[in-house]
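A.B. asks: Got a structure here, written out as structure tokens. Questions coming.
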Amino acid sequence: LDEVMERTAADLVPNDLEAFWMPFTANRAFKKRPRLISRAKDMHYFAPDGRAVLDGTAGLWCTNAGHNRAPIVEAIRNAATELDFAPTFQYGHPTAFTLASRIADLAPAGLDHVFFCNSGSEAVDTALKIALAYQNVIGQGARTRLIGRERGYHGVGFGGISVGGIVPNRRAFGTLLAGVDHLPTTYDRAHQAFTKGEPAYGAHFADELERIVGLHDPSTIAAVIVEPMAGSTGVIPAPQGYLQRLRDICDKYGILLIFDEVITGFGRLGHAFAAERYGVTPDLITFAKGVTSGAVPMGGVLARSSIHDAFMRGPEHVIELFHGYTYSAHPLACAAGIATLDLYAKEDLFARARKIEPIWADAVMSLREQPGVLDIRTVGLTAGIDLAPKDGKPGVRGYQALETAFHDLGFMVRATGDTLALTPPLIISEDQIGELIEKTGKVIAATA
Ligand code: PLP
């Protein structure tokens, strides 16, 4: 920390911000008043001038174990000196197999095989491709339709934006995948406002799958993909009983169920996977983010044995699935993953998230009297806060909240439109929860 404080702004501030075309960023506004981060430790980021910024978002919902944790840093360092890169096409390195078994051990029973990639978007496209290819190998090649959900976020690949349900992420990018349909969102403010955890209202939204099946015929549908908690569109927990109902309908018609657990995996909802929280086992689970606590890019897909095994036929010298990435199971990511899972286990962080969930939920709900708070949702260590737009201009208040939080109050919050999301690392202390909520209250008041 002392070292951080001693670094001067001059060392760390780039003098040309133009070349980097920043992702999902208002580039011109950012470059006029940059929010630069140069270091991190545990619950904090540090600006180039050494100013501490409390991390209310676990980076992008990924640094679940907190930042720059020594065992993870050390594992990456050691891996970098041992094996920089090895192909996983027709070759393999030990840590890839170790990490795959460790992840399968954490997953619901029956999900025993892991396909690695490098991000959540790749995980989603991989899962959709496995689902389609599986239907093919079992002689159901007419099942080519994929069903997503309105307000779903499944990354930014063409598969992910096709099944996703966020209009700006789709509208500029052409015709997308053919044959995709969408379930309705499970959010209904009139019946669900200010609910802690899973709302009692809304299981019936799953029945829309029956209507979609009726429209297209089950023999054309390969898979349904949903987030157990829709994160990016503002923290929308699944209504009670909803996921089980989806599972039942999928079983009835031979449709695969995919849970996109890129956010909900690795402790965010108090369990290794949300599938465990809900007692509903999908056929495929996508994961990323928390698998390495954000320290090295990695993603993957967990598959049921029956799906994996269906591919393991034919001549043994022939590749069974024509899919993979140069960096699938990169040695640095595998080392980071193993160290991260060790740390989660050692500090019992998933159970910790479960234990502090009620404290978290109460703290966040205390913001409901702040000006213009339309709804608050919480589940696991996650909260979404809908704010009334300012001057009838959607998004202005959300952006101002982000700026005020960073520059004036020293914390990081995510804003999607005028919805704020808080998703801190799972190591957050009760005092830090207090600090985060107090500061969020100030931001809400300041932007009203
Ligand atoms: N799926 C879900 C549910 C996500 O929340 C995200 C990212 O936030 C993704 C996929 C995409 O992950 P990535 O940004 O690593 O490609």
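A.B. asks: Return the residues of region 220-245 that are outside any loop (DSSP other than H, G, I, E, B) and more than 16 Å from the ligand (Cβ to nearest atom); say none if nothing qualifies. Quick ask: steps written out before the conclusion?
C.D. replies: Going through region 220-245, the residues outside any loop (DSSP other than H, G, I, E, B) turn out to be 220-226, 229-230, 236-237, 242-245.
Scanning region 220-245 gives T220, I221, A222, Y242, Q244, R245.
A.B. asks: Tell me, please, whether a residue that is of a type in the set (G, A, S), under 28 Å from L246 (Cβ atoms) and in contact with a strand residue (DSSP E or B) (Cβ under 8 Å, 6 or more places away or on another chain) can be found in region 352-364. Working first, answer last.
C.D. replies: Let us first name the residues in region 352-364 that are of a type in the set (G, A, S), namely 353, 361, 363.
Narrowing further to those that are under 28 Å from L246 (Cβ atoms): 353, 361.
Checking the rest, the ones that are also in contact with a strand residue (DSSP E or B) (Cβ under 8 Å, 6 or more places away or on another chain) come to 361.
Yes - at least one qualifying residue is present in region 352-364.
One line per residue, one yes/no per condition, for (1) more than 16 Å from the ligand (Cβ to nearest atom); (2) assigned to a helix (DSSP H, G or I):
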site	(1), (2)
G290	no, yes
G300	no, no
S306	yes, yes
V318	yes, no
F322	yes, no
Y325	no, no
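A.B. asks: Can you pull out every residue in region 264-288 that is in contact with a strand residue (DSSP E or B) (Cβ under 9 Å, 6 or more places away or on another chain) and assigned to a loop (DSSP other than H, G, I, E, B)?
C.D. replies: Correct list: T264, G265, F266, R268, L269, F273, V280, T281, P282, D283, A288.
A.B. asks: Look at R151 and say whether it is within 14 Å of the ligand (Cβ to nearest atom), of a type in the set (D, E, K, R) and surrounded by fewer than 23 Cβ atoms within 10 Å (Cβ to Cβ).
C.D. replies: Working: within 14 Å of the ligand (Cβ to nearest atom): yes; of a type in the set (D, E, K, R): yes; surrounded by fewer than 23 Cβ atoms within 10 Å (Cβ to Cβ): yes.
Yes.
A.B. asks: Select from region 105-125 the residues that are within 12 Å of the ligand (Cβ to nearest atom) and acidic (D, E) and list them in ascending order. First the steps, then the outcome.
C.D. replies: Applying the first criterion (within 12 Å of the ligand (Cβ to nearest atom)) to region 105-125 yields 117-125.
If the condition is that a residue be within 12 Å of the ligand (Cβ to nearest atom) and acidic (D, E), then E122, D125 are the ones that fit.
Residue-by-condition table, conditions (1) touching a Leu at 6+ places or on another chain (Cβ under 6 Å); (2) buried (at least 23 other Cβ atoms within 10 Å of the Cβ); (3) under 30 Å from E357 (Cβ atoms):
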site: D207; (1), (2), (3): no, no, yes
site: G214; (1), (2), (3): no, no, no
site: V224; (1), (2), (3): yes, yes, yes
site: G234; (1), (2), (3): no, no, yes
site: A238; (1), (2), (3): no, yes, yes
site: G241; (1), (2), (3): no, no, yes
site: D260; (1), (2), (3): no, yes, yes
site: G267; (1), (2), (3): yes, yes, yes
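A.B. asks: Further, regarding this structure: Just wondering, is there one or more residues in region 286-306 that are surrounded by 24 or more Cβ atoms within 10 Å (Cβ to Cβ), over 15 Å from S119 (Cβ atoms) and not small (G, A, S)?
C.D. replies: There is at least one residue in region 286-306 that is surrounded by 24 or more Cβ atoms within 10 Å (Cβ to Cβ), over 15 Å from S119 (Cβ atoms) and not small (G, A, S).
A.B. asks: Another question, then. Which of (1) in the same structural domain as A131 (by TED's automatic domain parsing); (2) surrounded by fewer than 18 Cβ atoms within 10 Å (Cβ to Cβ); (3) not aromatic (F, W, Y) is the odd one out, the single condition I359 does not satisfy?
C.D. replies: Looking at each condition in turn, I359 falls short on (1).
A.B. asks: Out of the residues in region 256-288 meeting the condition of being of a type in the set (A, V, I, L, M) and more than 12 Å from the ligand (Cβ to nearest atom), tell me which one is farthest from T382 (Cα to Cα). Let's see the steps before the verdict.
C.D. replies: Pass one, region 256-288, residues of a type in the set (A, V, I, L, M): 256-258, 262-263, 269, 272, 274-275, 280, 284-285, 288.
Among the residues that remain, those that are also more than 12 Å from the ligand (Cβ to nearest atom) are: 256-257, 269, 272, 275, 280, 284.
Values: L256: 28, L257: 24, L269: 8, A272: 15, A275: 17, V280: 21, L284: 23 Å.
Checked region 256-288; the qualifying residue farthest from T382 (Cα to Cα) is L256.
A.B. asks: Same structure again: With the checklist (1) surrounded by fewer than 23 Cβ atoms within 10 Å (Cβ to Cβ); (2) within 18 Å of G165 (Cα to Cα); (3) within 16 Å of the ligand (Cβ to nearest atom) in hand, flag the one item T186 doesn't pass.
C.D. replies: Unmet for T186, out of (1) surrounded by fewer than 23 Cβ atoms within 10 Å (Cβ to Cβ); (2) within 18 Å of G165 (Cα to Cα); (3) within 16 Å of the ligand (Cβ to nearest atom): (1).
A.B. asks: Might you check whether a residue that is in the same structural domain as V262 (by TED's automatic domain parsing) and farther than 20 Å from Y153 by Cα occurs anywhere in region 232-241? Even if it seems obvious, please write down each step before you answer.
C.D. replies: So in region 232-241, the residues in the same structural domain as V262 (by TED's automatic domain parsing) come out as 232-241.
Next cut, farther than 20 Å from Y153 by Cα only: 240-241.
Among the residues of region 232-241, at least one is in the same structural domain as V262 (by TED's automatic domain parsing) and farther than 20 Å from Y153 by Cα, which makes the answer yes.
A.B. asks: Which one is nearest to A107 (Cα to Cα) among residues in region 236-279 that are out of contact with any His (no Cβ under 6 Å at 6 or more places or on another chain) and of a type in the set (D, E)?
C.D. replies: Taking region 236-279 first, the residues out of contact with any His (no Cβ under 6 Å at 6 or more places or on another chain) are 236-259, 261-276, 278-279.
Still in the running and of a type in the set (D, E): 248, 251, 261, 276.
Working: D248: 20, D251: 20, E261: 11, E276: 8 Å.
If we take residues in region 236-279 being out of contact with any His (no Cβ under 6 Å at 6 or more places or on another chain) and of a type in the set (D, E), then E276 is nearest to A107 (Cα to Cα).
A.B. asks: From the list L209, L128, L132, which one is within 16 Å of the ligand (Cβ to nearest atom), touching a residue at least 24 places away in the same chain (Cβ under 8 Å) and of a type in the set (A, V, I, L, M)?
C.D. replies: Within the list L209, L128, L132, the selection yields L128.
The values are calculated or read from the model by the stated rules, or taken from the named source; none is laboratory data. It should be emphasised that the depicted structure is a prediction, and the values quoted were computed from it without experimental measurement. Note that each Cβ is placed from the backbone with ideal geometry, even for glycine, and that neighbours are counted across all protein chains shown.
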